[in-house]
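Below: the structure, in structure tokens.
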Amino acid sequence: MRALVVGAAGFVGKYLVEHLLEQGDEVFAGTMKEPVALLPSTTFPVDITDPASTSELMQRARPDVVYHLAGISFVPEAESNFDRALAVNVGGTANVLRQAHLFSKETQVLFVSSAEVYGQVLPSELPIRESNPLRPANNYSLSKRMAELVAERYQRQGAIRCTIVRPFNHIGPGQDARFVASSFAQQLARIALGKASPVLRVGNLEARRDFSDVRDIVRAYRLLAQGEGGVFNLGSGVPRSIQTLLDTLISVSGLAVTIEQDPARMRGPEVPELFTSYEKAQSAVGWKPEVTFEQSLGDIYRYWLQREQNE
Ligand code: GDD
């Protein structure tokens, strides 16, 4: 299987590349960032907002399956720069789909959307299933939903074989410190090493989200890309408050810290609770999450300890 990972140098992309190689796939990478260490001779530069650059990538990789992970993934970034979110998340996805279609109608594309497309979910609508209403509530979710519509159009016309995944929050070692688990773990690691005073800055601790481990998520991507297509939610199926995530990380670190709310970390109105049913993915390809919440957070904390020690 020739697999092309677009956005391969990002947090999830690196895990996906590693998993695909372990499974025996021939892997190619498209990235705007540095070359992927595991793929010194099959990483190609790409700007997905540029059709010519995206076309060149397809011609070089000649993929059977394209994993499209590239995009703006931090919700506040899309909020503050909607033009860029439209260009990359919508225009970039349209380019990837079109160029994959032009390369071969047989190419399977897995597009990574987001759980955020469900937007304003009512308590009576939980757990979220793929058939739930879609009510995007911010620039990020809007851009992801618009990209899904492009994918659905290609699929409806038989122009491409497409799978859309809607992952809920996924975490792991190596994630950008802007995201909540890494942000708290990095702060704790700095405190543990004496690099910061024992004060941890937080945003909204009341939101309840569905956290799973990135290693489980990339496993699902490969299984689903080999399936019949369709739309799939991916998550743990368990809602956890950000307060619980914080308490677990503090307990892993063994530190005594003061918690301070930082207004800069607070967002506009947020959906209070999001969690999924992963039944559809389970019945389609037998997937279920395996890495526990505690294991993920322990690994993330140790990653930051080591990284902060070396800096
Ligand atoms: N980042 C951050 N930093 N979030 C905080 C903090 C903090 O200090 N304190 C509380 N939070 C809350 C946020 O308000 C949000 O409710 C939750 O923690 C998770 O925030 P993020 O980790 O930034 O992720 P996200 O939920 O906005 O988006 C993630 O999940 C989506 C799928 O549900 C991202 O991975 C998206 O790319 C993904 O699509």
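Taking amide H as placed 1.01 Å from N in the peptide plane, the amide H of Arg208 sits under 5 Å from that of Glu273, Leu274, each at least 5 places away or on another chain. Put the Cα centre of the range 22-74 next to the Cα centre of the range 233-248 and the gap is 31 Å. With a Förster radius of 51 Å applied to the C-beta separation of Gln261 and Glu106, the computed FRET efficiency comes to 0.45.
Relative contact order for the chain: what percent, with Cα pairs under 8 Å and sequence separation of 6 or more? Kindly include the intermediate steps, with their values, before the conclusion.
Values: 630 pairs, mean separation 54.3, N = 311.
Answer for the chain is 17 percent.
Near Ala52: Cβ cut-off under 13 Å, other residues only, Lys/Arg at +1 and Asp/Glu at -1. The net charge is -1. Among the trypsin sites (Lys or Arg not before Pro) found in the range 220-289, those both in a DSSP coil and sparsely packed, with 13 or fewer other Cβ atoms within 10 Å of their Cβ, are Arg267.
Between Leu234 and Arg166, Phe168, the built amide H atoms are under 5 Å apart, and every one of these is 5 or more places off in sequence or on another chain. Taking 28 Å as the straight-line reach from the Cα of Lys33, the lysines in range (excluding those fewer than 8 positions away in the same chain) are Lys14, Lys144. Dividing the summed -39500 (n - 2.57) terms of all DSSP H runs of n ≥ 4 by the residue count of the chain sets its mean residue ellipticity at 222 nm at -12000 deg cm²/dmol.
Amide H contacts of Leu255: none lie under 5 Å away among residues 5 or more positions distant or on a separate chain (H built 1.01 Å from N in the peptide plane; Pro and chain starts excluded).
On full extension of the chain, what length is gained from Asp83 through Asp50, given 0.36 nm per residue of separation minus the C-alpha to C-alpha distance? Could you put the intermediate results ahead of the total?
Working: separation 33, 0.36 × 33 = 11.88 nm, distance 1.53 nm.
Full-extension gain reported as 10.4 nm.
Roughly how far apart, in whole Å, are the Cα centres of the range 165-180 and the range 266-280? Measuring centre to centre over Cα atoms gives 14 Å. Any idea what angle helix 11-22 forms with the longest principal axis of the chain, computed on alpha-carbon atoms, 0 to 90 degrees, nearest 10? Here the helix axis deviates by roughly 60 degrees.
Only Cα pairs under 8 Å and at least 6 apart count here; give the relative contact order of the range 51-182 as a rounded whole percent. Working shown, then result.
Working: 180 pairs, mean separation 39.5, N = 132.
That works out to 30 percent.
Relative to the present Cα-Cα distance, how much length would full extension add between Lys288 and Arg60 at 0.36 nm per residue of separation? Provide the component values of the computation, followed by the final result.
On the way: separation 228, 0.36 × 228 = 82.08 nm, distance 3.41 nm.
Extra length available between Lys288 and Arg60 comes to 78.7 nm.
Helix 293-310 and the long axis of the chain differ in direction by around 80°, with both axes built from C-alpha atoms. In sequence order, the range 206-212 has phi-based couplings of 8, 4, 10, 10, 10, 9, 10 Hz under the Karplus curve 6.51 cos²θ - 1.76 cosθ + 1.60, θ = phi - 60°, and Gly or Pro positions carry x. 3J(HN,Hα) along the range 248-261, derived from phi through the Karplus expression 6.51 cos²θ - 1.76 cosθ + 1.60 where θ = phi - 60°, amounts to 5, 5, 5, 5, 4, 6, x, 9, 9, 9, 9, 9, 10, 7 Hz, with x in place of Gly and Pro.
Derived scalar couplings between HN and Hα for the range 157-174 equal 7, x, 7, 6, 9, 9, 10, 10, 10, 10, x, 7, 4, 10, 10, x, x, x Hz in order, rounded to whole Hz, by the Karplus curve 6.51 cos²θ - 1.76 cosθ + 1.60 (θ = phi - 60°), x for Gly and Pro. Take every Cα pair under 8 Å whose residues are at least 6 apart in sequence, average their separation, divide by the length of the range 211-311, and the relative contact order is 47 percent.
Values quoted throughout were computed directly from the atomic coordinates according to the rules given, and no laboratory measurement underlies them. This is a predicted model, so every value here is computed, not measured. We place every Cβ from the backbone using ideal geometry, glycine too, and count neighbours over all the protein chains shown.
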